[in-house]
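Shown next, in structure tokens, is the structure this report addresses.
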Amino acid sequence: MKKSNLRKMAALGMAIAMTGSLAACSVEGGSASATTAAAAATTAAETKAADAGSSAAADTTEAAKPAGDSGKAGVVYGIYKAGDQTWFIDEGAAAQAAVEAQGDTFTYVDAKMNPEEYLKAIDNAIANNAKGIVTCIPDQTMSQAAVDKAKGAGIPIVAADDALQDADGKKLAPWVGIDAYVIGQANGGWLAKYAKDNDLIGKDDVALLILTMDTVSSCVPRAEGEIDQFTKDCPDFDQSKIYKADYDGTTDKGNTAASSVITAHPEVKKWLVTGANEEGTIGACRALESAGLDKDACVVGLGAYMAKDEWNNKGADGTCMKAAAYFSSQSVGEGSVKVLYQLINGETPDMETAVPAVIVTPDNYKDTMGKDAE
């Protein structure tokens, strides 16, 4: 250990005298054992000052453990891109319950769809020596930066809903979310059956609107599944009457996007609508109401966590939301924490964990969704 050996011997002696004032100190990278915490902290500090750039500090912290130490209570961060949305609030609550069942605490963070806020939250988690992070990122182009920050600090990270991935779509961390394409197919198939049952095929005043979120990898397959299944089941539907409108996942922007298409096509009197998330389809409901076209419209939601409010508050006949693909935010919240603790405990989880979905309507949503329908 070169000349630093003498310095470390001296530092250990000083540590005995200073135990009272340094007992609460921690070693870089984690906490030392109770019997060596003060000595290790002092030694590391003295060595770093005396021999910067050498590996001596690491050699004096053998009792220290990484940030993701599973043997000690800690804090898990849940950092969500739109923490004020119902889906993420419910998902975060489920994640919190799962974390607390492990004896740890949970910190919920709303990134407000702001990349800067998001990276600040990652930095805060690192600064507070988080045991782990579950996260839905607001901009997937930042995935590598987020993963590198967490990895550099030795903190396990798991993606929920939207994957942490590279430019080629390769996942950089384990992911828990919905089977997007299959759920899109379910929506498209239900809409196709509705169109056939209500004699809407081949009519000049009927159109299909798909609200898309093309910059979010988990949302793109939803729209693809919706269109693929609808056109497969309704091959005679005029494909020139299928429109797309992109939005950012919020109800307001979903409303704006839907209103723009509806206004541009006054010849359409009967709209079939689905989208990339529940907020967007609720925005479309409001747009159809404003245009006076809601009575003959059919909107299929994606999530059902807002569709149930439509049905609870307005009844089946009081809204153009006729169905929704239900998948549990609780399942995603609990699932993301389960995978995180596998990482914390040194296990190797699957890189992809998909949550299934089922179509619900005003007739069956209470039985199918249980407490989620309240």
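The values are calculated or read from the model by the stated rules, or taken from the named source; none is laboratory data. Note that this is a predicted model, so its numbers are computed, not measured. Here the Cβ is made from the backbone with ideal geometry for all residues, glycine too, and neighbour counts use every protein chain on show. Surface areas here come from the heavy atoms of the whole protein model, side chains and all, with no ligands, DNA or RNA. Shrake-Rupley method; radii C 1.70, N 1.55, O 1.52, S 1.80 Å.
For the reader, a short list of remarks on this structure follows.
- Cα shape, the stretch 112-194, gyration tensor, a/c 1.5 rule: prolate
- A simple rule links phi to the HN-Hα coupling: the Karplus curve 6.51 cos²θ - 1.76 cosθ + 1.60 with θ = phi - 60°, which for the stretch 285-290 gives 4, 5, 5, 5, 5, 5 Hz, with x for Gly and Pro.
- Binned Cα-Cα distances of the stretch 249-307, short to long, each 10 Å bin given as a whole percent: 27, 59, 14, 0
- Overall shape of the stretch 190-281 was characterised from the C-alpha gyration tensor. The equivalent ellipsoid obtained from it has semi-axes of 21, 16, 10 Å, in decreasing order.
- Under Karplus coefficients 6.51, -1.76 and 1.60, residue-wise ³J(HN,Hα) of the stretch 124-140 in Hz, glycine/proline x: 5, 4, 5, 4, 8, 6, 4, 6, x, 9, 10, 7, 10, 7, x, 9, 5
- Near the amide H of residue 164, within less than 5 Å, lie the amide hydrogens of 159, 172, 173, all on another chain or at least 5 residues away, with H placed in the peptide plane.
- With Cα atoms defining each centre, the stretch 273-300 and the stretch 301-348 are spaced 19 Å apart in the structure.
- Using bins of 5 Å that start at zero, the share of Cα-Cα pairs per bin across the stretch 133-237 amounts to 2, 12, 19, 17, 12, 10, 8, 7, 6, 3, 2, 1, in whole %.
- For the stretch 322-374, the Cα gyration tensor yields ellipsoid semi-axes of 30, 11, 6 Å (square root of five times each eigenvalue, largest first, whole Å).
- Each Lys and Arg Cβ is given +1 and each Asp and Glu Cβ -1; about its Cα centre, the stretch 158-208 then shows a dipole of about 160 debye.
- Positive contributions from Lys and Arg (+1) and negative ones from Asp and Glu (-1), summed over other residues with Cβ under 14 Å from the Cβ of residue 109, come out at -3.
- Nonpolar atom fraction for the stretch 267-374, defined as the carbon and sulfur part of the 1.4 Å probe accessible area, stands at 43 percent.
- In this structure, the amide hydrogen of residue 83, modeled 1.01 Å from its nitrogen in the peptide plane, lies closer than 5 angstrom to those of 111, 112, 113, counting only residues at least 5 positions away or on a different chain.
- Amide H within-cut-off set for residue 246, under 5 Å, with H built and near neighbours excluded: 212
- Listed pairs 232/253; 81/314; 131/338; 196/295; 72/112; 193/295 exceeding 21 Å between Cα atoms: 232/253; 81/314; 72/112
- FRET E, pair residue 267, residue 148, Förster distance 41 Å, beta-carbon r, rounded to 0.05: 0.20
- Each residue of the stretch 225-240 was assigned a 3J(HN,Hα) from its phi angle through the Karplus expression (A = 6.51, B = -1.76, C = 1.60, θ = phi - 60°), giving x, 4, 5, 4, 6, 4, 5, 5, 7, 10, x, 8, 6, 5, 5, 6 Hz with x at Gly and Pro.
- Area of residue 365 that stays accessible when all protein chains are in place (1.4 Å probe, Å², to 10): 10
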